[in-house]
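This report refers to the structure that appears directly beneath it.
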Amino acid sequence: QSGRRKAVLVEVGSGSDAYDILQIWYQNSMEKTYDLKELGAHKAIYSSGSWGSTMVWNPEEKKILYLAEKKSANLIHFLRRTHEEN
């Protein structure tokens, strides 16, 4: 790895409205920005120090692997489902 490319996670907003933007930089220029809320593939990326390094590049620095919260399915409350079935 050259170390010339880096990924920067930027938190936008606050509280329950907060979401992440992933910026991809090459040397000193921003190449691309991904609005992770807009993509909707998952919830927040884990960036806490307790998880260690949660983002890594592949050797060619063309793909990035990161750890994120799973997007939860739309759940129906148990009591509501039971009531609707009867």
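Return only the number of the condition from (1) part of a loop (DSSP other than H, G, I, E, B); (2) modelled with pLDDT under 80; (3) open to solvent by 70 Å² or more (accessible area, probe 1.4 Å); (4) not small (G, A, S) that E60 does not satisfy.
(2)
Pick from the stretch 1-43 the residues that are of a type in the set (S, T, Y) and part of a strand (DSSP E or B): which of them is farthest from E69 (Cα to Cα)?
The selected residue is S29.
The values are calculated or read from the model by the stated rules, or taken from the named source; none is laboratory data. Values in this document were obtained by computation on a predicted structure and should not be read as measured data. Protein only, heavy atoms only, side chains kept; ligands, DNA and RNA dropped before computing areas. Shrake-Rupley method; radii C 1.70, N 1.55, O 1.52, S 1.80 Å.
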